[in-house]
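Worksheet: the structure to be examined is printed underneath.
The values are calculated or read from the model by the stated rules, or taken from the named source; none is laboratory data. Everything quoted here is computed from the prediction, not taken from an experiment. Positions of Cβ are generated from backbone atoms using ideal geometry, with glycine treated the same way; all protein chains shown enter the neighbour counts. Ligands, DNA and RNA are stripped out before the accessible areas are found, and what is left, the full protein with its side chains, is counted by its heavy atoms. Shrake-Rupley method; radii C 1.70, N 1.55, O 1.52, S 1.80 Å.
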Amino acid sequence: SQITTLINHKDKPKRSDKTLQAIQRVGQAVNLAVGRFVTVGEAIANENHELKEEMSVACIEARRAGETIAQLTDVASLDHPESDSHITIFTDKTGVVKAARLLLSSVTKVLVLADRIVIKQIITSRNKVLATMEQLEKVSSFQEFVQIFSQFGNEMVEFAHLTGDRQNDLKDEKKKARMAASRAVLEKCTMMLLTASKTCLRHPDCESARINKDGVFHRMRLALEQVIEIVTDSRPNGENEMVPISIYSGIKEFKNKVEGLRENLYFLSKENLSTMLEVILEHTEDFTDSAYTSHEHREHILELSKQAKMELEQLVSVWMQAQNQKTKDLMEDLEVAILKTCQCMNELKREVHSAATSLAADLLKYHMDHMVLKALKITGVEGNLEAVAEYTCKLSEQKEQLVEMCRLLRHVSGTEPLEITCIHAEDTFQVTGPQIISAAETLALHPSSKIAKENLEVFCEAWESQLSDMSMLLREINDVFEGRRGEKRVYLSLPRPGKHNANLKALKPVKLDTEEQAKIAKLGLELHLLTSDVDSETEKWEDQENEIVQHGQGMSSMAYSMYLFTRGEGLLKTTQDLFHQAEIFATEGTKLASALHAFSDQVHDDDKPLLRLEAEKLISMCKQLQITAKASVQGKSATFTKVDACILKTRNVMTLLCQLLPLCCKLLRKNKAGNGCLKPAPPWREDRMRTGTNAHTPERRAETFGIKSLENHVTNMTFLESK
C-alpha cells in the first residue's frame, strides 16, 4: 500500500512542506517495516540451515531495497530538491520503481521460503504422530500404553497448533473447509483412540474390541494424510481430487452459459448445453430414486426435468435461427426462451432444495431423542446379546437414512465449503455407525467392564455431536438458499424505476469518474477493512440469530456495497444509489442502538454506563449520516464532496461498531459463565437464545481442534496409570 502511494505520486512544480514530510514518512515507514520483516526472516534462516543461504540472500536484498527507498524519499529538508546534488524521488523516479520491484521480489522470496519451512514442520510433526501411533498399536501392557500415549498426546497438541495456524492462513475456502473437517476427525478420534485401546488391552481376545480399535487407527491415518495433501497441494500418485458436481453448482453454471447467449451467440455449441443439462438431470435421479423422497417431491422433480428438456429444445431452435439471421423479432424470442429456461431451472433448484431440507428436518427431529443409542447402552450393560443385535439393526437403518440425507443436502448446499461439510458428515455417520455397533457388542460380551462401557459412551457422544452439527449445517444451507449467508451479501435496498421512489425528485444519475475514484480509494479501502473486522467479530457469537449480530451483519453488508461503489463495482451504480444506501445504513444503525439500549437494561455490570454511552454515540453518528445523505447538492464538485462525507461517516460508524460488538459479546459470555452479569432475559432475546445456543458449526468446532481436551487427556494419564 505504501509503495503504491509512492509510485503513483504525481510530480508537481510546487511542493508544500506538508507534501515533502508525507513522502518522507512513507519512505521511513517502508524501511522500518522491511527491517522488522527481515529480522524475522533472518531468525528463521538461523534455525533452518538447509535454507539459510537462500533466505539470507533474499533478506539482504529486501533490506537494501528498503534503505534505497528511504534515501530516495529523504526530501523533507530540501527546499529545492531538483537543484541539489542529492538524488531524490523527484530527480530519479525510476530509482524508486527499481527499488520497489526489488523489494517486492525479495519479500516474495522470503515468504515462499518461510512457507516451505512451515510445510516441512507440519510434515515432520505428522511423521512423529504416525510413528507413535504405530507403537501404540503394538503395546501389550497398560504401563507401556500410558507412557507412549502421553508422548502421543504432546505430539498431537503440537500438530494441532501447527495445522490450526495453517488453516487460518489458507485463502482457498474449499481447502479451509477440508482442513477443518480433517482436524475435526483428529480431535474426536484422539479420545476414541484412548478408550478403544484401553478396551482392547483389557479384553485382548475380544474380536469386536480389536475391530473397534483398528477402525479408529485407520480413520486417524486417513485424516493425517488429507491434512498433508492440503498443505502440500498434492495427492498420492499425482491423481486429481474428484469431487462430484452438485445440482446447485450444475444449475448455476448452466444458467451462466444460457444467459451468456445474450452477449455472444457463438461462444458454445448446442451439444455442450445439452450435455450440461443431461448431467444435472442425472443428478436429480439421486432424489427420484431415493426411498426417502416423498411421492409429491418425486413427481414434481420428474415433471420439472421434463419441462427443462422442452425449454432447452425451444431455446436451441431460436438460438440456431438467430445465428443465421439477427432480426429484432428473433432476438426478442431468444430473450423469452432464455428467461423461460432459467425460470424452469430455478424452479427445479427450489424443488430439490425443498425435498432435501424437509427430509433432513424430519430425520433430525425424529432421531434427536437418541432412543436407539440409549437402548444399546442399557442392553449392553445387561449382556443381552439378542437385544443388542436387534438395536444394531435399527442403528444401521438410521445410519443409512442419515447418509442419504447428507448426500441429498450436498446437492443443495450452495457453497463449496458447505458441500465439503456435507461430505465430512456423510463419512462420519458411515464410519461411526459400525464403530458404535462393535463397541456395543464388546460391552454385551463383557457387561461388567467399566472400560467397555466408557468406550461405548465415547462413540455414542460422537454420533450425538454429529447430529447436533447437522442441525446447524441445515440452518446454514437454508441461509445460503435465502441469500442470508455464503458470499458477501449486498443489500438490494435501492430505488427502482416506479417503485419506492415516488417522493424523490427526478435526479440525473451520476457516476464517479476515474479521478474521483482514485481520490476516494483510500477511504473505500479503510471501509473494506472495517467490514472484515465486523464480520470477524460477528462470527465469534454463538447465537447468530441475536438481534445485535443481525443488525451488525446487515450494516457490514451495506458498508461493503459502498466500498464496491468506490471501485466502480457492485450494485450501487450512481451517486444517488449510494446516498440512498447511506440512509438505509443509518436506519439500520439506529435499530442497532435500540437493541443495545434494550440489552443494557439487563446489564448489572460496570460496563453498563459505557454500553449506553456508546449506544448514544451511535445514534448521534447515524443522525449525522442521514442528514448528510438527504442534503440536496448541485454540481459535480458538491456531489463528490457529499459522496466523500457519506463514506467518511459510514467509516466512523463501522469503527464504533468494531468496538461495540466485542463489548456485547463479552457481557453475554459472562452471563453464560454464570457470573450474573445479566438479569433474566427479556422477550426480545428469549426466543433467540433458546434456539441453538450450544450448536457450533463443524468448522468453528474444528478451529480450536480440541487442544484443551488433548492437553486434558495427557494430564489425566497419571490417573489411568494408577488404575
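For segment 173-212 and segment 302-344, what is the centre-to-centre distance using only Cα atoms, to the nearest Å?
Here the answer is 54 Å between Cα centres.
How many Å² of accessible area per residue for segment 247-358, probe 1.4 Å? Provide the component values of the computation, followed by the final result.
Details: 6160 Å² over 112 residues.
Averaged over the residues of segment 247-358, the accessible area is 55 Å².
Taking θ as phi - 60°, what are the ³J(HN,Hα) couplings along segment 102-115 by the Karplus curve (6.51, -1.76, 1.60), each to the nearest whole Hz, with x for Gly and Pro?
4, 4, 5, 5, 5, 5, 4, 4, 4, 5, 5, 5, 4, 5
Using the Cα atoms of segment 514-671 to build a convex hull, what is its mean projected area in square nanometres? Walk me through the numbers on the way to the answer.
On the way: hull surface 35.2 nm².
Over all viewing directions, segment 514-671 projects a mean Cα-hull area of 8.8 nm².
Of ILE123, THR199, HIS218, which is farthest along the charge dipole of segment 123-235 in the positive direction, counting Lys and Arg as +1 and Asp and Glu as -1 at C-beta?
Among ILE123, THR199, HIS218, the one farthest towards the positive end of the dipole of segment 123-235 is HIS218.
According to the Cα gyration tensor, what semi-axes, each the square root of 5 times an eigenvalue, does the equivalent ellipsoid of segment 247-358 have, listed from largest to smallest in whole Å? Present the calculation step by step, with values, prior to reporting the outcome.
Working: eigenvalues 171, 30, 23 Å².
Values for segment 247-358, descending: 29, 12, 11 Å.
For THR288 and GLU259, calculate 0.36 nm times their separation in residues minus their Cα-Cα distance, and state this gained length in nm to one decimal.
Values: separation 29, 0.36 × 29 = 10.44 nm, distance 2.80 nm.
Value of the extension gain: 7.6 nm.
Which entries of LYS176/LYS666; LYS128/LYS176; LYS377/LYS450; LYS306/LYS340; LYS52/LYS120; LYS270/LYS349 have Cα-Cα distances beyond 19 Å here?
Working: LYS176/LYS666 27 Å; LYS128/LYS176 24 Å; LYS377/LYS450 12 Å; LYS306/LYS340 14 Å; LYS52/LYS120 15 Å; LYS270/LYS349 22 Å.
Where the Cα-Cα span goes over 19 Å, the pairs concerned are LYS176/LYS666; LYS128/LYS176; LYS270/LYS349.
Could you work out the mean projected area of the convex hull around the alpha carbons of segment 341-495, in square nanometres to one decimal?
Details: hull surface 43.2 nm².
Hull-based average projected area comes out at 10.8 nm².
For GLU61, GLU419, give the ranking by accessible area with the largest first, probe 1.4 Å.
On the way: GLU61 40, GLU419 20 Å².
Result of the area sort, largest leading: GLU61, GLU419.
On full extension of the chain, what length is gained from LYS174 through GLU50, given 0.36 nm per residue of separation minus the C-alpha to C-alpha distance? Provide the component values of the computation, followed by the final result.
Numbers: separation 124, 0.36 × 124 = 44.64 nm, distance 3.21 nm.
Residue separation times 0.36 nm, minus the Cα-Cα distance, leaves 41.4 nm.
Note down the accessible area of ASP333, probe 1.4 Å, to the nearest 10 Å².
Counting only protein heavy atoms, ASP333 exposes about 80 Å² to solvent.
Using θ = phi - 60° and the Karplus form 6.51 cos²θ - 1.76 cosθ + 1.60, what ³J(HN,Hα) does each residue of segment 540-553 get, whole Hz, x for Gly and Pro?
With coefficients 6.51, -1.76 and 1.60, one gets 6, 7, 5, 8, 6, 8, 4, 4, 5, 4, 4, 5, x, 5 Hz.
Apply the Karplus parameterisation 6.51 cos²θ - 1.76 cosθ + 1.60, with θ equal to phi minus 60°, to every residue of segment 457-474 and state each ³J(HN,Hα) to the nearest whole Hz, in sequence, with x for glycine and proline.
Listing the rounded values in order: 4, 4, 5, 5, 4, 5, 5, 4, 4, 5, 4, 5, 4, 5, 5, 5, 4, 4 Hz.
In whole percent, and with a 1.4 Å probe on the protein chains, what portion of the accessible area of segment 247-358 is carbon and sulfur?
Numbers: 2830 of 6160 Å².
The nonpolar share, carbon plus sulfur, comes to 46 percent.
Each label point is 7 Å from the Cα along the Cα-to-Cβ direction; what then is the distance between the points at LEU302 and ARG669, in nm?
Those two pseudo-labels are separated by 5.5 nm.
Kindly report, to the nearest 10 Å², the accessible surface of ASP289 as traced by a 1.4 Å probe over protein heavy atoms only.
Result for ASP289: roughly 120 Å² accessible.
Counting Lys and Arg as +1 and Asp and Glu as -1, each charge on the Cβ, what is the dipole of segment 247-358 about the Cα centre in debye, to the nearest 20?
Numbers: 13 positive and 20 negative charges, 72 e Å.
Magnitude of the dipole: close to 340 debye.
Going from the alpha-carbon gyration tensor of segment 123-235, what semi-axes, largest first and in whole Å, does one get by taking the root of 5 times each eigenvalue? Numbers along the way, then the final one.
Working: eigenvalues 159, 40, 22 Å².
Those come to 28, 14, 11 Å.
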